[in-house]
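J.: Take this structure, written in structure tokens, and hold onto it; I'll ask about it next.
The values are calculated or read from the model by the stated rules, or taken from the named source; none is laboratory data. Because the structure is a prediction, the values reported are computed rather than measured. Backbone-built Cβ (ideal geometry, glycine too); neighbour counts: all protein chains shown.
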2 protein chains.
Amino acid sequence: MTERPLLPLLEDATPERRDAARNREALLVAAQALIDSCGIDGLTMDAVAAKAGVGKGTVFRRFGSREGLMAAVLDFSETEWQAAVISGPPPLGPGAPAMERLLAFGRSRLERNLMLADLIRAAGWSGPRGFAVYSFVAMHTRYLMSELHVTGDIAVLATALLAPLEVPVLDQQVRIEGMEIDRIMEGWEDLAHRITQR
Amino acid sequence: MTERPLLPLLEDATPERRDAARNREALLVAAQALIDSCGIDGLTMDAVAAKAGVGKGTVFRRFGSREGLMAAVLDFSETEWQAAVISGPPPLGPGAPAMERLLAFGRSRLERNLMLADLIRAAGWSGPRGFAVYSFVAMHTRYLMSELHVTGDIAVLATALLAPLEVPVLDQQVRIEGMEIDRIMEGWEDLAHRITQR
DNA sequence: AGTGAAAACGGACCGTGGTCCGTTTTTATT
DNA sequence: AATAAAAACGGACCACGGTCCGTTTTCACT
């Protein structure tokens, strides 16, 4: 749990003080434990502080806000996932044809976003962390699209291809309309073909 | 400000008591005034209650939550917009070819979502109101797509076409990446052509 | 080891969203 | 008009996110 995020856009120049590092570690462990036992909604900042054995001020000094704490918890699995895309086995990782990689990418992202929906929602879609996450996903999609020789405004088309995989949209389809996941995935593959063809 | 929402899926069987109706009216007026003067973030439920001259409990009895109140405020402009789509002048309203209507629809929705972004964000994307709004937009999109003889899973493709117009996605593009609105719109038109062609 | 400045800590404190329940208003009925 | 049940009201109250500032810890430098 001490690994640093992939793609460290701006690494801190000065390292953390020892007590700070120890407390961050304890807070993340406490937060994960509380999420497991009480669920996301049942987690309070006071409880996290108490469980980690630190004052509440420390939690906010480290993570800025509740959203920030959630984003930090989410960061573990995100980093892992990004590693699988960058250097894992094909077809998600490198080695497969671009179209296969794209389809594997979409399926994997969709499954992940559904599995972590509560946490992603609680982490908010703003802030620097959210930006970094989006940047990675968008960059990879644009790369695959350029490999497929897609014509047009690739940045915008990539966004359009990614948007249906985001949690608010999936929530609408799955939770409210009760749509099957396989059907959503098939629809997304169709979309991928339509956007990349020509 | 007393009109009822379009497409009243479930109209209340029993009408409101007179004091209840009067208070709702006063609360909506107060909320709108506070939004205009303090902005969405500066609006507090206590302030709305005070300005409307009622107790705080009444606000929550009427609207359930802050999100609910915001959704109710939003409902005015949403109703107006839906009316323009259903019975306004072409190309947004009926009378133009389906493809022109679709493009006008996308542009209009995009502009609206950007203009009301703060309010839409504060209203939340869940709850029955959000569902009703989404239902209308999705239904209309599916209708236009069927007019265009689009093949495939129309419900899923309509969602894919609408997703890039949603506030979280637009936020990312406009606010964070600083993308121009015209560019986003051109990209969306391209997307509409790719999804509907074949 | 001693020292001073910078960084981090802790928990009392505050504002706001949301609840609860005793009181008041409305409305249907006679 | 009187009455009673139902609905709505109001504001004290609570919980939680977030802030503030006096105290403690760390660390670089001597």
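J.: If you check every pair at least six apart or on different chains, which have Cβ atoms under 8 Å apart with a residue in the stretch B:41-65 that is away from chain A (no Cβ under 14 Å) first and a residue that is among the aromatic types (Phe, Trp, Tyr) and within 8 Å of DNA strand D (Cβ to nearest atom) second?
T.: Once the first residue is away from chain A (no Cβ under 14 Å) and sits in the stretch B:41-65, its partners that are among the aromatic types (Phe, Trp, Tyr) and within 8 Å of DNA strand D (Cβ to nearest atom) give B:MET45/B:PHE60.
J.: Sticking with this structure for a sec: Based on this model, can you work out whether A:ILE154 counts as hydrophobic (A, V, I, L, M, F, W, C), over 27 Å from A:ALA30 (Cα atoms) and modelled with pLDDT of 95 or more?
T.: yes
J.: Just one of (1) surrounded by fewer than 18 Cβ atoms within 10 Å (Cβ to Cβ); (2) within 24 Å of the chain's Cα centre (by Cα) trips up A:ARG198, so point out which.
T.: (2)
J.: Sort out which residues of the stretch A:135-159 are farther than 23 Å from A:GLU186 by Cα and under 12 Å from the mean Cα position of the chain (by Cα), and write them in order of number.
T.: A:SER135, A:PHE136
J.: State all residues of the stretch B:175-198 that are part of a helix (DSSP H, G or I), modelled with pLDDT under 95 and more than 7 Å from chain A (Cβ to nearest Cβ); if no residue qualifies, say none.
T.: B:ARG175, the sole residue that qualifies.
J.: Out of the residues in the stretch B:34-46 that are surrounded by 15 or more Cβ atoms within 10 Å (Cβ to Cβ) and part of a helix (DSSP H, G or I), state the one that is nearest to DNA strand D (Cβ to nearest atom).
T.: That would be B:MET45.
J.: Can you say whether A:ASP171 is under 26 Å from B:MET139 (Cα atoms) and facing chain B (nearest Cβ under 10 Å), as far as the supplied structure shows?
T.: Yes.
J.: Separate question: Is it true that some residue in the stretch A:125-139 is farther than 30 Å from A:ALA33 by Cβ and of a type in the set (Phe, Trp, Tyr)?
T.: No, there is no match, as no residue in the stretch A:125-139 is farther than 30 Å from A:ALA33 by Cβ and of a type in the set (Phe, Trp, Tyr).
J.: Here is a check on your reading of the model: is A:GLY93 more than 14 Å from chain B (Cβ to nearest Cβ), closer than 25 Å to A:ASP190 by Cβ and either surrounded by 15 or more Cβ atoms within 10 Å (Cβ to Cβ) or without any contact (Cβ under 8 Å) to a residue 24 or more places away in the chain (or both)?
T.: The answer is yes for A:GLY93.
J.: Taking the options B:VAL59, B:VAL54, B:VAL85, name whichever one is away from DNA strand D (no atom under 16 Å from the Cβ), buried (at least 19 other Cβ atoms within 10 Å of the Cβ) and of a type outside the set (Asp, Glu).
T.: Selected residue: B:VAL85, the only one of B:VAL59, B:VAL54, B:VAL85 that is away from DNA strand D (no atom under 16 Å from the Cβ), buried (at least 19 other Cβ atoms within 10 Å of the Cβ) and of a type outside the set (Asp, Glu).
J.: Let me ask you something else. Kindly check whether there is at least one residue in the stretch B:70-81 that is within 16 Å of DNA strand D (Cβ to nearest atom), buried (at least 16 other Cβ atoms within 10 Å of the Cβ) and closer than 25 Å to B:VAL169 by Cα.
T.: For the stretch B:70-81, residues within 16 Å of DNA strand D (Cβ to nearest atom), buried (at least 16 other Cβ atoms within 10 Å of the Cβ) and closer than 25 Å to B:VAL169 by Cα: present.
J.: Taking the stretch A:121-131 as the region of interest, how many residues are within 11 Å of chain B (Cβ to nearest Cβ) and among the hydrophobic types (A, V, I, L, M, F, W, C)?
T.: Matching residues across the stretch A:121-131 total 2.
J.: Quick one: which residue in A:THR58, A:THR79 is among the hydroxyl-bearing types (Ser, Thr, Tyr) and more than 24 Å from the chain's Cα centre (by Cα)?
T.: Answer to the check: A:THR58.
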